[in-house]
Structure formats: C-alpha cells, structure tokens
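In what follows, a single structure is set out as structure tokens and then discussed.
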Amino acid sequence: MRHVPVPSHARQLSTLARIDYENAVLADLGPVQDRTAEQWARTIMEDAPSDMQRTLTQGWTALGLQLGPARSEGFVLGWRVQHSTPDLVLLSAAPTLGLSGELLLQRRPHSLLLSCFIRLDDDRARGLWDRTESRHPKAMHQMLERATR
C-alpha cells in the first residue's frame, strides 16, 4: 500500500472542469478479478465499520459535499455513481459550499488504484479544504488498507 502520483490516464477520467487537488493510493494485491471496481468501492466504503462510515460522511458533509442515499442503487455511501465498468468506477459528490469531489477506483490485474479529485470554486471552499487536506491522504490509505486485508 503506497501513495503514488495520480496517473495521467486516471486524471483524464475526471469530469471536473478543473482539478485543484489530487491524490492516489495503490494497493498491490493478488488477483482482484473476483470483484468489479464498483464492488470494491462498496467494500471499501460501505463495509467499513459504522464509526468509520459516520466519520467519513460527517467529514464530507462538513466540506459541503451533497451526498445521496447511503446504500442504494446508483450511490456508494452517498457518492453518485457517474460511470461504472468492471475495471473502474467514478463516484462524484456535488458541491453545496463550493467544493466538488470525485473518487475513482480502478481495478488492475494485481492491484487497486484509488484516486481523489477536488475542485475548489471559491475562498470558502479553499478554507474548508485547507483544514482537511493534511488528514486526507492518511484517511484514503486507511480505507483502502482495511478493505484489502
């Protein structure tokens, strides 16, 4: 499990008009073909302990991300499924306070890549993100590590 630069092909899958922050974590595993990318995303986020889920959703809401139903078709822990194939899923959360987010999970033959993209539309959003940015890489790492154990 390690933080890696966001690959350009992953960045190109983002639908954000501009990316102000990006981060990626790579988990080297054995064969990962037993689950689709969306199933992996559900394992990472929806199978997390309830206190972790609560912390995540409270944090996302505090950042002004508009979440949908936590567990329903078309959403993964409140993030809208924008695009899903067996090998990738792109999740998005719309802004209410000027911060937009996307999560991209890519299934590879022997690894999983989790990438995050953030767009900050104004000073308020930048202020919200500044208070969170330092904790974000560790949270991504912990989510992926717990799910792939």
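The values are calculated or read from the model by the stated rules, or taken from the named source; none is laboratory data. All figures in this text were calculated on a predicted structure; none of them were measured in a lab. Don't worry about glycine lacking a Cβ; one is built from the backbone with ideal geometry, like all the others, and counts go over all protein chains shown. Just the protein is used for accessible areas: all its heavy atoms, side chains included, with ligands, DNA and RNA removed. Shrake-Rupley method; radii C 1.70, N 1.55, O 1.52, S 1.80 Å.
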Region 1-126: equivalent-ellipsoid semi-axes (sqrt of 5 x gyration tensor eigenvalues, Cα, Å): 23, 18, 13
query: What translational diffusion coefficient, in µm²/s and rounded to a whole number, does the Stokes-Einstein relation yield for region 29-100 at 4 °C and a viscosity of 1.567 mPa s, taking the hydrodynamic radius as the Kirkwood radius over Cα pairs?
result: 101 µm²/s
Full-extension gain in nm, Y21 to D34, via 0.36 nm per residue minus C-alpha separation: 1.6 nm
query: Hey, what number do you get for the chain at 222 nm if only DSSP H runs of n ≥ 4 count, each worth -39500 (n - 2.57), divided across all residues, to the nearest 500?
result: -9500 deg cm²/dmol
message: Only sites in a loop by DSSP and with at most 16 other Cβ atoms within 10 Å count here; which GluC sites (Glu not before Pro) in region 1-104 make the cut?
response: E73
- prompt: Sorted by mean Cβ packing within 10 Å, highest first, what order do the peptides 119-125, 133-139 take?
  reply: 119-125, 133-139
field: Karplus-derived 3J(HN,Hα), 6.51/-1.76/1.60, for each residue of region 10-18, Hz, glycine and proline x
entry: 6, 4, 5, 7, 5, 9, 5, 5, 8
- request: Take the solvent-accessible surface of the protein heavy atoms, probe 1.4 Å, and return the percent of it on the chain that carbon and sulfur atoms account for.
  value: 50 percent
task: Give a quick list of trypsin sites (Lys or Arg not before Pro) in region 24-97 that DSSP marks as loop, anything other than H, G, I, E or B, with at most 14 other Cβ atoms within 10 Å.
output: R35
- prompt: By how many degrees, between 0 and 90 and to the nearest 10, does the Cα long axis of helix 37-46 differ from the longest principal axis of the chain?
  reply: 60 degrees
field: region 90-147, relative contact order in percent, only Cα pairs under 8 angstrom and at least six apart counted
entry: 26 percent
task: Keeping all protein chains in place, calculate the accessible area per residue for the chain (probe 1.4 angstrom), answer in Å².
output: 50 Å²
Inverse of mean 1/r across different Cα pairs in region 80-149, Kirkwood, Å: 13.4 Å
